[in-house]
Amino acid sequence: MSNPMQEIVIDKVVVNIGVGQAGDRLNKAARVVEMLTNRKPVFTTAKRTVRDFNVRKGLQIGVKVTLRKNDAVEFLKKALYAKGYKIPHYSFDRQGNAYFGIADYTDFKGMKYDPEIGIFGMDIAVVLKRRGGYRLERRRVNRKHLPSKIRVTREESMEFLEKNFNVQVVR
């Protein structure tokens, strides 16, 4: 690649566990996320009331952690190992981001089942960007729409993960 600002890099990796209820189960999910990422998780709240699930607006129903830079790369390697280095093609969106789930935290290398915690699955979002960044769209003065040459496409993100993390995209 001739222009170093066109290089694709990992912007962030977000680890999310949605529990759907507050209380002891939510605290156990927070412990799982903290064990896996070595970061203190943030509690997420319900945006609206859903009576069928006994969820009220503002109730804490999940935990998440956002990892950036080297932490994101290291965690992504562990998560891809747990996934068997295979991601289906439909896990990539048009903006070049990848989303996949892991059914149980014991799939990670070195993690043992703890009957006190139970079984928790998680969603992982990998956000990719070009080194030039998306500042054009987010700055306060002279904000502009992002041209297509700065955006990361679905095919480019698949190629990036295949090349850098030895991921097999299952089509």
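Every read-out reported here was derived from the displayed coordinates using simple, explicitly stated rules and does not represent laboratory data. What you see is a predicted model; the values in this text were computed from it and never measured. So basically every Cβ, Gly included, is an ideal-geometry build from the backbone, and we count neighbours across all protein chains shown.
For this structure, a couple of remarks:
- Under 25 Å from residue 47, Cα to Cα: lysines that are on another chain or at least 8 residues apart: 12, 28, 57, 64
- Pairwise centroid distance, computed over Cα atoms, of the range 145-171 with the range 6-22, Å: 17 Å
- Simple label model, 7 Å out from Cα along Cβ direction - residue 154 to residue 5, nm: 2.9 nm
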